[in-house]
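Some notes on the structure that comes next.
The values are calculated or read from the model by the stated rules, or taken from the named source; none is laboratory data. What you see is a predicted model; the values in this text were computed from it and never measured. Glycine also receives a Cβ, built like all others from the backbone with ideal geometry; neighbour counts cover every protein chain displayed.
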(Lines give C-alpha, C1' and ligand atoms only; values in the text may rest on other atoms or scores of the structure.)
Protein backbone atom coordinates (compact mmCIF):
# COMPACT_ATOMS: atom_id res chain seq x y z
CA UNK A 1 0.00 0.00 0.00
CA UNK A 2 1.30 3.44 -0.95
CA UNK A 3 1.21 6.28 1.59
CA UNK A 4 2.57 9.81 1.80
CA UNK A 5 4.23 12.08 4.33
CA UNK A 6 4.65 15.82 3.93
CA UNK A 7 6.88 18.35 5.60
CA UNK A 8 9.92 20.53 5.14
CA UNK A 9 13.25 18.91 4.32
CA UNK A 10 16.20 19.72 6.62
CA UNK A 11 17.22 22.26 3.97
CA UNK A 12 13.79 23.93 4.20
CA UNK A 13 12.10 22.64 1.04
CA UNK A 14 8.40 21.71 1.28
CA UNK A 15 8.16 18.06 0.18
CA UNK A 16 5.72 15.22 -0.28
CA UNK A 17 7.24 11.72 -0.06
CA UNK A 18 5.27 8.80 -1.46
CA UNK A 19 6.39 5.46 -0.06
CA UNK A 20 5.52 1.80 0.35
CA UNK A 21 7.24 -1.29 1.75
CA UNK A 22 9.08 -1.41 -1.60
CA UNK A 23 10.81 1.90 -0.77
CA UNK A 24 10.55 5.61 -1.49
CA UNK A 25 8.60 5.83 -4.74
CA UNK A 26 8.35 9.56 -5.38
CA UNK A 27 9.55 12.83 -3.89
CA UNK A 28 7.82 15.99 -5.07
CA UNK A 29 8.25 19.63 -4.19
CA UNK A 30 4.94 21.14 -3.13
CA UNK A 31 3.79 24.71 -2.66
CA UNK A 32 2.57 24.26 0.89
CA UNK A 33 3.52 21.75 3.59
CA UNK A 34 2.58 21.23 7.23
CA UNK A 35 4.95 22.90 9.66
CA UNK A 36 6.83 19.67 10.28
CA UNK A 37 10.39 18.59 9.50
CA UNK A 38 10.74 15.50 7.30
CA UNK A 39 14.03 13.56 7.34
CA UNK A 40 15.41 10.08 6.78
CA UNK A 41 15.16 7.70 9.72
CA UNK A 42 17.99 8.18 12.21
CA UNK A 43 20.96 5.77 12.20
CA UNK A 44 22.67 5.13 15.55
CA UNK A 45 25.96 3.24 15.22
CA UNK A 46 26.64 3.04 18.97
CA UNK A 47 23.77 1.81 21.11
CA UNK A 48 24.22 -0.38 24.20
CA UNK A 49 20.55 -0.59 25.10
CA UNK A 50 17.45 1.49 25.68
CA UNK A 51 14.32 1.58 27.82
CA UNK A 52 15.36 -1.38 29.99
CA UNK A 53 16.54 -3.60 27.13
CA UNK A 54 20.25 -4.40 27.48
CA UNK A 55 22.42 -5.50 24.57
CA UNK A 56 25.08 -6.58 27.09
CA UNK A 57 22.92 -8.85 29.26
CA UNK A 58 24.34 -12.28 28.44
CA UNK A 59 21.82 -13.96 30.73
CA UNK A 60 18.83 -13.00 28.63
CA UNK A 61 16.88 -10.15 30.16
CA UNK A 62 14.23 -8.47 28.05
CA UNK A 63 14.22 -9.67 24.42
CA UNK A 64 16.33 -7.67 21.98
CA UNK A 65 13.37 -7.66 19.59
CA UNK A 66 11.79 -5.05 21.89
CA UNK A 67 14.44 -2.50 20.88
CA UNK A 68 13.13 -1.43 17.45
CA UNK A 69 9.67 -0.36 18.71
CA UNK A 70 11.26 1.54 21.60
CA UNK A 71 13.59 3.33 19.19
CA UNK A 72 10.91 4.06 16.58
CA UNK A 73 9.31 6.37 19.13
CA UNK A 74 12.58 8.34 18.96
CA UNK A 75 12.93 8.34 15.17
CA UNK A 76 15.69 5.70 15.07
CA UNK A 77 15.17 3.16 12.30
CA UNK A 78 18.67 1.66 12.07
CA UNK A 79 21.09 0.87 14.88
CA UNK A 80 24.25 -1.09 15.60
CA UNK A 81 23.95 -3.01 18.89
CA UNK A 82 27.15 -2.29 20.77
CA UNK A 83 28.84 -5.07 22.74
CA UNK A 84 31.10 -3.82 25.51
CA UNK A 85 34.41 -5.28 26.76
CA UNK A 86 33.94 -8.66 28.43
CA UNK A 87 35.60 -12.04 28.81
CA UNK A 88 35.88 -13.95 25.55
CA UNK A 89 33.12 -16.48 26.18
CA UNK A 90 30.74 -13.75 27.32
CA UNK A 91 31.42 -11.69 24.17
CA UNK A 92 30.66 -14.77 22.05
CA UNK A 93 27.36 -15.31 23.88
CA UNK A 94 26.33 -11.67 23.45
CA UNK A 95 27.11 -11.78 19.74
CA UNK A 96 25.22 -15.04 19.30
CA UNK A 97 22.22 -13.52 21.09
CA UNK A 98 22.12 -10.64 18.60
CA UNK A 99 22.47 -13.03 15.68
CA UNK A 100 19.63 -15.18 17.01
CA UNK A 101 17.41 -12.12 17.42
CA UNK A 102 18.02 -11.17 13.79
CA UNK A 103 17.14 -14.69 12.64
CA UNK A 104 13.94 -14.76 14.71
CA UNK A 105 12.53 -11.28 14.10
CA UNK A 106 12.28 -9.58 10.70
CA UNK A 107 11.94 -6.06 12.14
CA UNK A 108 15.04 -6.52 14.27
CA UNK A 109 16.97 -7.87 11.28
CA UNK A 110 15.94 -4.93 9.11
CA UNK A 111 16.95 -2.46 11.84
CA UNK A 112 20.34 -4.06 12.54
CA UNK A 113 22.74 -4.22 9.57
CA UNK A 114 25.72 -4.85 11.83
CA UNK A 115 27.25 -4.96 15.30
CA UNK A 116 29.68 -2.56 16.98
CA UNK A 117 32.23 -4.26 19.25
CA UNK A 118 33.64 -1.70 21.70
CA UNK A 119 36.63 -3.42 23.28
CA UNK A 120 38.07 -5.37 24.93
CA UNK A 121 41.26 -4.20 23.21
CA UNK A 122 41.27 -0.84 25.00
CA UNK A 123 43.51 1.10 27.34
CA UNK A 124 43.32 -0.12 30.95
CA UNK A 125 44.48 3.24 32.31
CA UNK A 126 42.03 5.06 34.56
CA UNK A 127 40.18 7.80 32.77
CA UNK A 128 40.94 6.40 29.33
CA UNK A 129 39.13 3.14 30.06
CA UNK A 130 35.90 4.86 31.11
CA UNK A 131 33.50 2.30 32.63
CA UNK A 132 35.25 -0.69 30.99
CA UNK A 133 36.54 -3.27 33.48
CA UNK A 134 40.38 -3.03 33.53
CA UNK A 135 40.66 -6.70 34.52
CA UNK A 136 39.51 -7.88 31.10
CA UNK A 137 41.10 -5.22 28.86
CA UNK A 138 43.86 -6.74 26.78
CA UNK A 139 45.92 -6.65 23.58
CA UNK A 140 44.24 -7.43 20.25
CA UNK A 141 43.99 -11.11 19.35
CA UNK A 142 43.21 -11.96 15.72
CA UNK A 143 42.25 -15.57 16.46
CA UNK A 144 39.90 -14.47 19.24
CA UNK A 145 38.27 -11.90 16.98
CA UNK A 146 37.85 -14.45 14.19
CA UNK A 147 35.97 -16.69 16.63
CA UNK A 148 33.72 -13.81 17.63
CA UNK A 149 33.03 -12.94 14.02
CA UNK A 150 31.96 -16.54 13.46
CA UNK A 151 29.64 -16.35 16.48
CA UNK A 152 28.22 -13.11 15.01
CA UNK A 153 27.67 -14.71 11.59
CA UNK A 154 29.97 -12.05 10.09
CA UNK A 155 27.96 -9.13 11.49
CA UNK A 156 30.71 -7.28 13.38
CA UNK A 157 31.11 -4.17 11.22
CA UNK A 158 32.83 -1.80 13.68
CA UNK A 159 35.45 -2.54 16.32
CA UNK A 160 36.78 0.09 18.71
CA UNK A 161 40.33 -0.48 19.98
CA UNK A 162 43.27 1.43 21.43
CA UNK A 163 45.95 1.93 18.73
CA UNK A 164 48.77 1.88 21.29
CA UNK A 165 48.06 -1.74 22.27
CA UNK A 166 50.66 -4.32 21.20
CA UNK A 167 49.69 -5.80 17.85
CA UNK A 168 47.10 -3.09 17.13
CA UNK A 169 48.46 -2.20 13.68
CA UNK A 170 48.50 -5.82 12.52
CA UNK A 171 45.00 -6.34 13.94
CA UNK A 172 43.72 -3.18 12.25
CA UNK A 173 45.04 -4.37 8.88
CA UNK A 174 43.39 -7.76 9.42
CA UNK A 175 39.91 -6.42 10.19
CA UNK A 176 40.08 -3.68 7.55
CA UNK A 177 40.93 -6.25 4.88
CA UNK A 178 37.74 -8.07 5.89
CA UNK A 179 35.43 -5.07 5.61
CA UNK A 180 35.30 -4.14 9.31
CA UNK A 181 35.67 -0.47 10.26
CA UNK A 182 38.47 -0.08 12.81
CA UNK A 183 37.87 2.78 15.26
CA UNK A 184 40.19 4.33 17.83
CA UNK A 185 38.68 4.86 21.27
CA UNK A 186 39.33 4.57 25.01
CA UNK A 187 42.92 5.15 24.04
CA UNK A 188 46.03 6.93 25.30
CA UNK A 189 47.67 6.70 21.87
CA UNK A 190 50.55 8.95 20.90
CA UNK A 191 50.62 10.83 17.60
CA UNK A 192 52.84 8.05 16.22
CA UNK A 193 50.32 5.42 17.33
CA UNK A 194 47.49 7.30 15.60
CA UNK A 195 49.56 7.62 12.42
CA UNK A 196 50.30 3.86 12.50
CA UNK A 197 46.61 3.14 13.01
CA UNK A 198 45.72 5.24 9.96
CA UNK A 199 48.36 3.59 7.80
CA UNK A 200 46.98 0.18 8.79
CA UNK A 201 43.49 1.17 7.62
CA UNK A 202 41.92 2.72 10.72
CA UNK A 203 39.04 4.92 9.66
CA UNK A 204 37.12 6.22 12.68
CA UNK A 205 37.43 7.83 16.11
CA UNK A 206 34.85 6.58 18.62
CA UNK A 207 33.10 9.27 20.74
CA UNK A 208 35.95 11.70 20.23
CA UNK A 209 36.53 13.92 23.26
CA UNK A 210 35.34 11.25 25.68
CA UNK A 211 36.99 8.15 27.13
CA UNK A 212 39.65 10.48 28.55
CA UNK A 213 40.87 11.49 32.01
CA UNK A 214 39.86 14.89 33.30
CA UNK A 215 43.39 16.22 32.80
CA UNK A 216 45.65 15.55 29.80
CA UNK A 217 48.82 17.10 28.42
CA UNK A 218 48.02 20.40 26.75
CA UNK A 219 49.58 19.57 23.36
CA UNK A 220 50.83 15.99 23.49
CA UNK A 221 47.57 14.09 23.89
CA UNK A 222 45.39 11.69 21.93
CA UNK A 223 42.88 14.31 20.72
CA UNK A 224 44.92 16.51 18.39
CA UNK A 225 46.33 13.78 16.11
CA UNK A 226 42.85 12.30 15.65
CA UNK A 227 41.32 15.67 14.86
CA UNK A 228 44.16 16.39 12.43
CA UNK A 229 44.03 13.02 10.64
CA UNK A 230 42.15 13.62 7.39
CA UNK A 231 41.56 9.88 6.99
CA UNK A 232 39.65 9.55 10.24
CA UNK A 233 35.94 10.13 10.59
CA UNK A 234 34.70 10.77 14.14
CA UNK A 235 31.62 10.09 16.22
CA UNK A 236 30.38 12.51 18.86
CA UNK A 237 27.91 12.14 21.75
CA UNK A 238 25.79 15.31 21.70
CA UNK A 239 23.67 14.58 24.77
CA UNK A 240 24.60 17.73 26.69
CA UNK A 241 26.68 15.81 29.24
CA UNK A 242 29.56 14.22 27.32
CA UNK A 243 30.67 17.36 25.46
CA UNK A 244 29.97 21.03 26.26
CA UNK A 245 28.49 22.92 23.33
CA UNK A 246 31.66 24.98 22.55
CA UNK A 247 33.77 21.80 22.57
CA UNK A 248 31.45 20.01 20.16
CA UNK A 249 31.32 23.06 17.88
CA UNK A 250 35.11 23.46 17.82
CA UNK A 251 35.70 19.75 17.18
CA UNK A 252 33.20 19.69 14.33
CA UNK A 253 34.90 22.71 12.77
CA UNK A 254 38.27 20.94 13.02
CA UNK A 255 37.07 17.56 11.76
CA UNK A 256 34.48 18.89 9.31
CA UNK A 257 30.82 17.93 9.50
CA UNK A 258 31.22 15.81 6.35
CA UNK A 259 33.35 13.32 8.28
CA UNK A 260 31.37 13.51 11.52
CA UNK A 261 28.65 11.26 12.91
CA UNK A 262 26.38 11.73 15.92
CA UNK A 263 25.79 8.71 18.18
CA UNK A 264 23.78 8.27 21.34
CA UNK A 265 25.97 5.76 23.23
CA UNK A 266 22.66 5.03 24.99
CA UNK A 267 22.67 2.41 27.72
CA UNK A 268 19.88 0.22 28.99
CA UNK A 269 18.64 2.87 31.45
CA UNK A 270 18.25 5.50 28.72
CA UNK A 271 14.62 6.52 28.66
CA UNK A 272 14.11 5.35 32.27
CA UNK A 273 13.08 7.62 35.19
CA UNK A 274 15.76 9.11 37.47
CA UNK A 275 17.04 6.71 40.12
CA UNK A 276 19.59 4.03 40.91
CA UNK A 277 19.86 0.95 38.71
CA UNK A 278 21.92 -2.22 38.41
CA UNK A 279 23.21 -2.94 34.90
CA UNK A 280 25.16 -5.73 33.26
CA UNK A 281 27.88 -3.25 32.28
CA UNK A 282 29.00 -0.69 34.86
CA UNK A 283 27.19 -2.33 37.77
CA UNK A 284 25.46 0.29 39.90
CA UNK A 285 24.54 3.38 37.87
CA UNK A 286 22.50 6.47 38.61
CA UNK A 287 20.16 8.26 36.24
CA UNK A 288 20.07 11.89 37.31
CA UNK A 289 17.49 14.56 36.57
CA UNK A 290 18.21 15.65 33.02
CA UNK A 291 19.19 12.14 31.94
CA UNK A 292 22.87 12.07 32.91
CA UNK A 293 24.02 8.49 33.62
CA UNK A 294 26.97 7.97 35.97
CA UNK A 295 28.63 5.21 37.94
CA UNK A 296 26.85 5.48 41.30
CA UNK A 297 28.75 7.56 43.85
CA UNK A 298 31.24 8.88 41.26
CA UNK A 299 31.38 11.75 38.76
CA UNK A 300 32.19 9.32 35.93
CA UNK A 301 29.81 8.92 33.02
CA UNK A 302 28.52 5.42 32.30
CA UNK A 303 27.18 5.88 28.79
CA UNK A 304 24.33 8.13 27.80
CA UNK A 305 20.73 8.42 28.90
CA UNK A 306 19.66 10.16 25.68
CA UNK A 307 18.24 8.91 22.42
CA UNK A 308 19.82 9.97 19.14
CA UNK A 309 16.82 12.23 18.52
CA UNK A 310 17.52 14.01 21.80
CA UNK A 311 21.17 14.41 20.74
CA UNK A 312 20.01 15.90 17.43
CA UNK A 313 17.77 18.38 19.25
CA UNK A 314 20.52 19.40 21.69
CA UNK A 315 23.03 19.92 18.88
CA UNK A 316 20.55 22.16 17.06
CA UNK A 317 19.12 24.13 19.98
CA UNK A 318 21.86 24.37 22.61
CA UNK A 319 24.94 24.07 20.40
CA UNK A 320 23.21 26.15 17.71
CA UNK A 321 24.30 23.98 14.77
CA UNK A 322 22.32 24.05 11.49
CA UNK A 323 19.56 21.45 11.38
CA UNK A 324 20.61 20.23 7.93
CA UNK A 325 24.18 19.53 9.13
CA UNK A 326 23.05 17.87 12.35
CA UNK A 327 20.51 15.61 10.66
CA UNK A 328 23.08 14.63 8.02
CA UNK A 329 25.40 13.55 10.83
CA UNK A 330 22.64 11.27 12.15
CA UNK A 331 21.49 9.87 8.80
CA UNK A 332 23.50 10.17 5.59
CA UNK A 333 26.96 10.29 7.13
CA UNK A 334 26.75 7.06 9.16
CA UNK A 335 25.21 5.40 6.10
CA UNK A 336 28.08 6.59 3.91
CA UNK A 337 30.71 5.60 6.47
CA UNK A 338 29.40 2.05 6.69
CA UNK A 339 28.36 1.55 3.08
CA UNK A 340 24.61 1.54 3.67
CA UNK A 341 23.50 2.59 0.21
CA UNK A 342 19.82 1.78 0.79
CA UNK A 343 19.07 4.20 3.64
CA UNK A 344 20.04 7.45 5.34
CA UNK A 345 18.78 9.70 2.55
CA UNK A 346 15.62 11.08 0.99
CA UNK A 347 15.95 9.53 -2.46
CA UNK A 348 13.70 7.59 -4.79
CA UNK A 349 14.53 3.91 -4.49
CA UNK A 350 15.94 4.19 -0.99
CA UNK A 351 14.49 2.17 1.86
CA UNK A 352 11.42 4.00 3.18
CA UNK A 353 12.80 4.91 6.61
CA UNK A 354 11.42 8.33 7.48
CA UNK A 355 10.90 10.50 10.52
CA UNK A 356 8.63 13.52 10.87
CA UNK A 357 9.54 15.97 13.66
CA UNK A 358 7.72 18.90 15.14
CA UNK A 359 9.43 22.02 13.76
CA UNK A 360 10.17 25.21 15.64
CA UNK A 361 10.11 28.69 14.04
CA UNK A 362 13.84 28.39 13.28
CA UNK A 363 13.30 25.12 11.42
CA UNK A 364 14.89 23.00 14.15
CA UNK A 365 13.58 19.51 15.04
CA UNK A 366 11.43 19.02 18.10
CA UNK A 367 9.52 15.97 19.26
CA UNK A 368 9.08 13.01 16.93
CA UNK A 369 5.63 13.04 15.32
CA UNK A 370 5.77 10.01 12.99
CA UNK A 371 8.29 7.25 12.22
CA UNK A 372 8.21 5.04 9.13
CA UNK A 373 10.47 1.98 8.96
CA UNK A 374 10.57 -0.32 5.97
CA UNK A 375 7.69 1.56 4.37
CA UNK A 376 5.32 0.96 7.30
CA UNK A 377 4.19 3.61 9.79
CA UNK A 378 5.60 2.30 13.06
CA UNK A 379 5.02 5.20 15.44
CA UNK A 380 2.59 8.09 15.62
CA UNK A 381 2.77 10.48 18.54
CA UNK A 382 -0.36 10.60 20.67
CA UNK A 383 -2.54 13.64 20.28
CA UNK A 384 -2.03 16.20 23.06
CA UNK A 385 -4.71 16.21 25.74
CA UNK A 386 -6.28 19.08 27.59
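Of all the residues that make up the stretch 247-259, how many are in contact (Cβ under 8 Å) with a residue 60 or more places away in the chain and surrounded by fewer than 16 Cβ atoms within 10 Å (Cβ to Cβ)?
2
Return only the number of the condition from (1) touching a strand residue (DSSP E or B) at 6+ places or on another chain (Cβ under 7 Å); (2) buried (at least 20 other Cβ atoms within 10 Å of the Cβ); (3) in a loop (DSSP other than H, G, I, E, B) that residue 240 does not satisfy.
Every condition holds for residue 240 apart from (1).
Given the conditions (1) in contact (Cβ under 8 Å) with a residue 40 or more places away in the chain; (2) closer than 30 Å to residue 41 by Cβ; (3) in contact with a strand residue (DSSP E or B) (Cβ under 7 Å, 6 or more places away or on another chain); (4) assigned to a loop (DSSP other than H, G, I, E, B), and given that residue 201 satisfies all but one, which numbered condition is not satisfied?
Unmet condition: (1).
Is one or more of the residues making up the stretch 366-380 part of a loop (DSSP other than H, G, I, E, B), more than 18 Å from the chain's Cα centre (by Cα) and surrounded by fewer than 24 Cβ atoms within 10 Å (Cβ to Cβ)?
yes
So which helices (runs of 4 or more DSSP H) are wholly in the stretch 260-353 and hold at least 3 residues that are more than 13 Å from the chain's Cα centre (by Cα) and buried (at least 16 other Cβ atoms within 10 Å of the Cβ)?
It comes to 308-317, 323-329.
Those residues that are surrounded by fewer than 15 Cβ atoms within 10 Å (Cβ to Cβ) and in contact with a helix residue (DSSP H, G or I) (Cβ under 9 Å, 6 or more places away or on another chain), I need them from the stretch 1-53; list them, please.
Of everything in the stretch 1-53, those that are surrounded by fewer than 15 Cβ atoms within 10 Å (Cβ to Cβ) and in contact with a helix residue (DSSP H, G or I) (Cβ under 9 Å, 6 or more places away or on another chain) turn out to be 11, 12.
I need the full set of residues from the stretch 115-128 which are farther than 20 Å from residue 57 by Cβ and either at pLDDT 95 or above or in contact with a helix residue (DSSP H, G or I) (Cβ under 9 Å, 6 or more places away or on another chain) (or both), in order please.
First, pick out the residues of the stretch 115-128 that are farther than 20 Å from residue 57 by Cβ: 121-128.
Scanning the stretch 115-128 gives 121, 122, 123, 124, 125, 126.
Checking the structure you have, find out if any residue of the stretch 12-35 is on the phi > 0 side of the Ramachandran plot, in contact (Cβ under 8 Å) with a residue 40 or more places away in the chain and either part of a loop (DSSP other than H, G, I, E, B) or under 19 Å from the mean Cα position of the chain (by Cα) (or both).
yes
What do you reckon, is residue 380 without any contact (Cβ under 8 Å) to a residue 12 or more places away in the chain and in contact with a strand residue (DSSP E or B) (Cβ under 8 Å, 6 or more places away or on another chain)?
Answer is yes for this residue.
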